[in-house]
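Have a look at the structure below before the remarks.
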Amino acid sequence: CRSPIVNLSTQTQMLSIPVEETPYIEHDLNNIAVVEGNSGEDIQAAIDTPGVQTVFLPNRSYQVNQPILIRGTVKKIIGMRAKFTRDSVDPVFRFEEGDEPIVVMERMEGPSIEHNANRTLVIQRSWITSYQNTTEGKGNVFFEDVVSESVQIQNQKAWARSLNVEGVPLESESKILNDGGQLWILGLKTEKPGTILETKNQGLTVVQGGFIYVNSYIPDLNPPQAQYINDQSKVAILTRSYIPSATGYEVLIREIQGDQNKDFINTRRRNMGYSFLYLGY
């Protein structure tokens, strides 16, 4: 049956953000390094091999005690479903300046990633614990078929295709944070409690399609937990919620303008599902 539509907008068009395709880099099998051991030092040694273009991480468990620096001539890191232990350092990978303008990481399980360079990073076909950039990390980032517990960008441009964010953030935080950046998502999916997406400091966010699976009870807090937050920014969101047995968000969207807060209350907290459209300029 057709789900009800919650339309919280008087606008008629989605916010326009230029869409860029995910960069593609051809495989280079002539200049490769294969990680021999299972430590961060072993991975760093492979990355720092003179002239290496592609680093392969075999399918094993890795324990990392200090951040692995992505630098030098490397342009691809292929994990072959490499797994990183929960007791590894945070971040596991730090993306630094290097010779290649674009670097691709793929087929990883469990690393955290910090973007600390003014060059482009592509993360594909991976499960990561977190992504964030530093003040020096001004390069673009692309996510494609990625599961993460949290994503945070600050004054950065990001494009995501099929992004699944399932962490449970602290009450004062959100699963996805756009702090003054430009974020475009095609296909968002989430589970578990926690504010899904917060945009602040004149950020721009567009979510074109998403599946919000409320499979856990959204707790009653004071102030109530908002599904989305628009804090003095421009936001356009089109998603569909599915609530088979739990209770949904009490607040669909929290708008913050100056010192004024406006909560759009959810009157369908226990409905099976509904489509959601919000355009906040």
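The values are calculated or read from the model by the stated rules, or taken from the named source; none is laboratory data. Note that the structure is a prediction, hence the values are computed from the model and not measured. Backbone-built Cβ (ideal geometry, glycine too); neighbour counts: all protein chains shown. Remember, those area values only see protein heavy atoms, side chains included, never the ligands or the DNA or RNA. Shrake-Rupley method; radii C 1.70, N 1.55, O 1.52, S 1.80 Å.
With the highest mean first, a sort of the peptides 242-253, 262-273 on other beta-carbon atoms found within 10 angstrom per residue produces 242-253, 262-273. Dividing the helix sum by the residues of the chain, where each DSSP H run of 4 or more adds -39500 (n - 2.57), gives a mean residue ellipticity at 222 nm of -1000 deg cm²/dmol.
Approximating the spin labels as points 7 Å out from Cα along Cα→Cβ, the V19-to-K83 distance works out to 3.7 nm. Solvent-accessible surface of the chain, taken per residue with a 1.4 Å probe and all protein chains present: 45 Å². In this calculation the C-beta distance from Y242 to S61 is compared with R0 = 41 Å, giving a FRET efficiency of 0.75. Placing +1 on the Cβ of every Lys and Arg and -1 on the Cβ of every Asp and Glu, with nothing else charged, gives region 35-85 a dipole about its Cα centre of roughly 280 debye. Under the simplified labelling scheme, the E173-D263 pair shows an inter-label distance of 2.3 nm, with each label point 7 Å from Cα along Cα→Cβ. In the chain, taking the dipole from charged Cβ atoms about the Cα centre, the farthest positive-side position among I113, F143, I25 is held by F143. Counting only C-alpha contacts under 8 Å and six or more residues apart, can you give the relative contact order of the chain as a whole percent? It rounds to 13 percent for the chain. Label positions at E41 and N118, each projected 7 Å from the Cα along the C-beta direction, are separated by 3.5 nm. According to the calculation over all Cα-Cα pairs in region 187-256, the P(r) per 10 Å bin from zero is 21, 52, 26, 2 %.
In the chain, inverting the average of 1/r over every pair of distinct C-alpha atoms gives 19.6 Å as the Kirkwood radius. Considering every alpha-carbon pair of region 57-145, the percent of pairs per 10 Å bin, from zero through the bin containing the longest distance, is 19, 56, 25, 1. Computed over region 145-265, the alpha-carbon pair-distance distribution with 10 angstrom bins reads 14, 50, 32, 4, each value a whole percent. Counting 0.36 nm for each residue step from E136 to I256 and taking away their Cα separation leaves a gain of 40.4 nm.
Of the accessible area of the chain, computed with a 1.4 Å probe over protein heavy atoms only, carbon and sulfur atoms account for 47 percent. Taking all protein chains together and rolling a 1.4 Å probe, D259 ends up with roughly 130 Å² accessible.
Looking at region 12-77, none of the trypsin sites (Lys or Arg not before Pro) sits in a DSSP loop with at most 10 other Cβ atoms within 10 Å of its own Cβ. Structural size metrics of region 1-149, computed from C-alpha coordinates, are Rg and Dmax of 17.6, 60 Å.
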